[in-house]
Amino acid sequence: MLISHAGPNRIYFNDGQANFKVSDHGFGKAGDEYLWVTLADVDRDGNMDAFIFSISSASRLLLNDGRGVFRMTAQEYGGSHAKGYELADLNGDSFPDLILIMRQKPNQIWMNNGAGKFIDSGKTVGIGGYDIECQDCNGDGKIDIVIADSPGSSRIWLNESNTGTFKGGYTIDEGALKCKLVDVDRDGDFDLITADPKNGNKLWLNDGRSNFNYSGQVFGTKRVLRIACDDLDGDGDTDVVLGQIEGSGGHAIYFNESIRKKQKKLSAKK
């Protein structure tokens, strides 16, 4: 699926031999200015649906009919007040729900009704922010939320009994434009990477109870647009890729040395 600021938005089918053919079916129209797309089986029918996000117009949900045709649903989400979003199962019913980060307004929680629609719960989680991540931060089996803001802080919001209500937890008193939850030290809980050109790109280690302590690791101070994590060198631990702003000298790859040297340290290579 390919989205474009100017349009048209297109769907490409894989023929199984790494060749992609454009579908006859697109979605949206030129000028919608969609920025991001997330694929998820929203209605749990076995087909991947698409949530498409825009900061200048309403974001929309498209349901897949199983033949690669995506039908845009009528509900609009966020409008021009939205800055970001995440899909995650916030109430433990196996359906992905929606969190919308708003511009200087309470961030919204929309619950999945199980029939291909998100319903505004009327509940909120913090005010504003730049980036959002969702994982079980304290090991209680429920999905928690991290919201990073700059200037400001990165705050953990703890899930209260899968009811769609979250209470404020640990706060890192440094602003951040990007954040990423990942188990860097392989202790079974999610650590946090924050990225900000002023405060630096840093690693915070989780004590297992959603308290995050600065590890001393800095991933430089370049402006980061995207953080991706995977085992790139096949040694069993998680490495880090920073997608850095144009003109910064290229993207950065950090190889995790925690297994080889038994230290929670990462070395950089560009």
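Points worth noting:
- For the peptides 122-134, 56-68, the ranking by packing is 122-134, 56-68, with the highest mean count of neighbouring Cβ atoms within 10 Å listed first.
- Annotation: Glu76 carries an accessible surface of approximately 110 Å², with a 1.4 Å probe and no ligand, DNA or RNA atoms counted.
- The simple spin-label model puts a point 7 Å past each Cα toward its Cβ; for Asp233 and Ser56 those points are separated by 4.3 nm.
- Here Asn162 and Arg186 are evaluated by their C-beta separation; at R0 = 22 Å the FRET efficiency comes out at 0.20.
- Lysine pairs with alpha-carbon atoms under 14 Å apart, the stretch 122-270, spacing 8 or more or separate chains: 11
- Rounded FRET efficiency, nearest 0.05, which uses the C-beta distance separating Asp89 from Lys123 and R0 of 22 Å: 0.90
- In nm, spacing of pseudo-spin labels at Met72 and Val22 (7 Å Cα→C-beta vector): 1.8 nm
- Across all Cα atoms of the stretch 27-180, the radius of gyration (one decimal) and Dmax (whole number) stand at 15.3, 48 Å.
- On a per residue basis, the chain carries 48 Å² of accessible surface, using protein heavy atoms and a 1.4 Å probe.
- When you restrict to C-alpha pairs under 8 Å that are six or more residues apart and normalise by the size of the chain, the relative contact order lands at 8 percent.
- Asp65 sits among other residues whose Cβ lies under 15 Å from its own Cβ, and their net charge, with Lys and Arg +1 and Asp and Glu -1, is -2.
- Note on the chain: with a GNM built from Cα contacts shorter than 10 Å, the maximum mean-square fluctuation among Lys198, Lys83, Lys21 falls on Lys21.
- Cβ-based net charge around Tyr77, under 10 Å, with every Lys or Arg adding one and every Asp or Glu removing one: -1
- Pairwise Cα inverse-distance average, inverted: Kirkwood Rh of the chain (Å): 19.8 Å
- Charge dipole (debye, nearest 20) of the chain; +1 at Cβ of Lys and Arg, -1 at Cβ of Asp and Glu: 840 debye
- Antiparallel %, DSSP beta bridges [both residues in the stretch 86-125], to 5: 100 percent
- Dividing the mean sequence gap of close Cα pairs (under 8 Å, 6+ apart) by how many residues the stretch 92-207 holds gives a relative contact order of 17 percent.
- Sorted largest first by accessible area at a 1.4 angstrom probe radius, with every protein chain in place, the residues Arg155, Arg44 fall in the order Arg44, Arg155.
The values are calculated or read from the model by the stated rules, or taken from the named source; none is laboratory data. All values derive from a computational prediction rather than experimental measurement. Every residue, glycine among them, receives a Cβ derived from its backbone with ideal geometry; neighbour counts consider all protein chains shown. Ligands, DNA and RNA are stripped out before the accessible areas are found, and what is left, the full protein with its side chains, is counted by its heavy atoms. Shrake-Rupley method; radii C 1.70, N 1.55, O 1.52, S 1.80 Å.
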